[in-house]
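This report concerns only the one structure given below.
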Amino acid sequence: MILNDNSSRSRRAFLKKAFAGVAASAAGATVFGQSKPVSAYEDSAETARLAQSRRMQDALPDRYKDKFRITKLETFKVKRCFLFLKIHTDHGIVGLGEPITEGRADTCAEAVREIAPYLIGKDPRRVIHHWQAIYRHAFYRGGPILTSALSGIEQALWDIKGKALGVPVYELLGGPTRHRIRTYAHARSPEAVREAKKEGFTTFKTGVRNKLGGSIIANNRQIAEAVDYFAELREIVGDDCDIGIDFHGAITPANAKILIKELEPFNPWFIEEPIQCQDVGGMAEIARGTHLPIATGERIFTKWGFRDILEQRAATILQPDLCHAGGIFEGRIIAGMAEAYYGSIAPHNPLGPISLACGLQLAASVPNFLCQEQVTLGEGYIKEPFKVVEGHIPLPTGPGLGIELDEDALADKLGHEWRNPETYNESDGSVVDW
Ligand SMILES: [Mg+2]
């Protein structure tokens, strides 16, 4: 998708192009042009909007009077299930972001398209100002789609700002608080854990082996299978490494309490999403019933979403996803809120290398960082993939997000039709969470 400020196409032509773009999106990049007002009212409203924008820009300090404008936005669906964003500027600097909710790539690309007219022609360096305008002027705020679109845009604006100043984003957030960043591997099987240990990982996360969500109270065999599997992984990991377990919010509160009690002797590093995060009171009750740390956050949006979690002491490890929660600076604010409660952050990230790069910039600049999730170090996506040494990724040094897309390697990854899993209770066919 591309939106730019020099189009003279009519609205009808724009819409035709837009729908063509949606069709083309299955193959990867989608291209849009900007609409042109079609009525006198829209024309005068647009003229007034531009005049207001110019007045506000002229009132800023001199350094903002230099011409530095956003020229177009471009989105690409990239395998496995990613959506990449490029924000172009008249300085030749391109910012990168991942504006996506998993399974809703086209919906998020459309949300970016609708936000783009606000950004085109504006100075990309006013990151916080644009965040506020996009978030608050929407009137209907938050939610996974709009906040993910905003997150990817915010990431790209930070990338542009860092590149323009020639410094990593973490320099703009106060400078490094650490010299390397701990990251964990997914422990999908005993063999995967052994392999990841050989690669240098020292921290891991696994899931619940069997599905207890279909039962109000799980039977003994279900509980035993889940605990035995975790115990096996714990044995492989050893006492020098850490392993957390993610319930994925897929278990009833009653089962979560039973399972946590049975897992306590094996000291999981944390229990992630023991129940659905909307039940903050229920999660707080679970947190009070165990000595194990509770983690949550991948489905919580913005500082306002995390406020209740902290105030009710529902979790001590916050896991904002920087592609969903509002972006890098929103993550910084959430980290600050967690610090006030002596909590830590472990950014959630099942997405691509741009998302990982954002997490590293945040991790590099906060005092209360625990660990960074990742599913790819960027091989086949970026020119210099990240490396794990002794369980840590060295501090990035490049300007902005510190990465550059490998366009040649990406060529065969453009386009996907990734869908969310459909999961059902095997005994009666009813829907269960995955
Ligand atoms: Mg999770």
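All of the numbers you see were taken from the coordinates with simple rules; none came from a lab. All figures in this text were calculated on a predicted structure; none of them were measured in a lab. All Cβ positions, glycine included, derive from the backbone under ideal geometry; neighbour counts span all protein chains shown.
Using Cα-Cα distances under 8 Å and only pairs 6 or more residues apart, what relative contact order does the chain have, in percent?
With pairs under 8 Å counted, the relative contact order is 17 percent.
Would you mind checking the pairs Lys72/Lys161; Lys161/Lys413; Lys77/Lys413; Lys86/Lys161 and listing those with alpha carbons more than 18 angstrom apart?
Lys161/Lys413
Quick test of the membrane-span-like rule: which DSSP H helices of the chain reach at least 24 Å along their long axis (C-alpha atoms) with mean Kyte hydropathy at least -1.0?
Values: long enough: 40-58 (27 Å, -1.33); 144-165 (31 Å, 0.46); 220-237 (25 Å, -0.11).
Counting only whole DSSP H runs, the qualifying helices are 144-165, 220-237.
Would you work out which of Val227, Gly214, Gly244 lies farthest towards the positive end of the dipole of the range 174-403, given +1 charges on the beta-carbon of Lys and Arg and -1 on that of Asp and Glu, about the Cα centre?
About the Cα centre, the residue reaching furthest to the positive side is Gly244.
Restricting to DSSP loop positions (anything but H, G, I, E, B) with no more than 16 other Cβ atoms inside 10 Å of their own Cβ, which trypsin sites (Lys or Arg not before Pro) remain in the range 147-241?
Arg178, Arg188, Arg209
Quick one: Cα centre-to-centre distance for the range 376-425 and the range 107-177, in angstrom?
With the range 376-425 and the range 107-177 each reduced to a Cα centre, they are spaced 20 Å.
Once both labels are modelled 7 Å past Cα along the beta-carbon direction, what's the Asn210-Asp433 spacing in nm?
2.0 nm
Per the Kirkwood definition applied to all pairs of different Cα atoms, how many angstroms is the hydrodynamic radius of the range 174-403?
Numbers: mean 1/r = 0.0559 Å⁻¹.
Over the range 174-403, the inverse of the mean reciprocal pair distance is 17.9 Å.
Can you check what the net charge comes to around Ala149, using other residues whose Cβ is under 15 Å from the Cβ of Ala149 (Lys, Arg +1; Asp, Glu -1)? Intermediate results must be reported in sequence, preceding the final value.
Numbers: positive: Lys77, Lys86, Arg104, Arg113, Arg136, Arg141; negative: Glu74, Glu98, Glu102, Asp106, Glu110, Glu114, Glu154, Asp321, Glu330.
Around Ala149, the charge tally is -3.
Starting from a Cα-only point model with no solvent, please compute log10 I(q)/I(0) by Debye for the range 162-250 at q = 0.11, 0.22 1/Å.
So the normalised log intensities are -0.48, -1.01.
Quick check: net charge around Asp66, other residues with Cβ under 12 Å of its Cβ, Lys/Arg +1 and Asp/Glu -1? Mind dumping the intermediate values first?
Numbers: positive: Arg63, Lys65, Lys67, Arg69, Arg125; negative: Asp62, Asp90, Asp123.
That sum, taken over residues with Cβ under 12 Å, equals +2.
Putting +1 on Lys and Arg Cβ atoms and -1 on Asp and Glu Cβ atoms, find which of Gly297, His130, Ala149 reaches farthest to the positive end of the dipole of the chain.
His130
Please build a GNM for the chain, connecting alpha carbons under 10 Å apart, and tell me which residue among Ile300, Ile223, Ile309 fluctuates the most.
Ile223
Within the range 285-387, report the GluC sites (Glu not before Pro) that DSSP leaves as loop and that have at most 15 other Cβ atoms within 10 Å. Display every interim value, and only then the final one.
Working: sites: Glu285, Glu298, Glu311, Glu330, Glu339, Glu373, Glu379; in loops: Glu298, Glu379.
Of the GluC sites (Glu not before Pro), the ones in loops of the range 285-387 whose Cβ has at most 15 other Cβ atoms within 10 Å are Glu379.
Cα convex hull of the chain: mean projected area in nm², to one decimal?
22.0 nm²
Counting other C-beta atoms within 10 Å, and keeping those with at most 13, which DSSP coil chymotrypsin sites (Phe, Trp or Tyr not before Pro) do you find in the range 324-370? Write out the running numbers ahead of the final one.
Values: sites: Phe329, Tyr341, Tyr342, Phe369; in loops: Tyr341, Tyr342.
Answer in residue order: Tyr342.
On each of the three principal axes of the Cα atoms of the range 204-286, give max minus min coordinate, whole Å, ordered largest first.
Between the extreme Cα coordinates on each principal axis of the range 204-286 lie 34, 26, 17 Å.
If the cut-off is 12 Å between C-alpha atoms, which aspartates and glutamates fall inside it for Lys387, apart from same-chain ones fewer than 8 positions away?
Excluding near neighbours in sequence, the set is Glu199, Glu379.
Can you list residues whose amide H is under 5 Å from Ala185's amide H, if they're 5+ apart or on another chain and H is modeled 1.01 Å from N?
Thr203, Phe204, Lys205
Pull up all non-local amide H partners of Leu83: gap of 5 or more, or a different chain, and H-to-H distance under 5 Å with H placed in the peptide plane.
Those qualifying (amide H under 5 Å, at least 5 residues apart or on another chain) are Val78.
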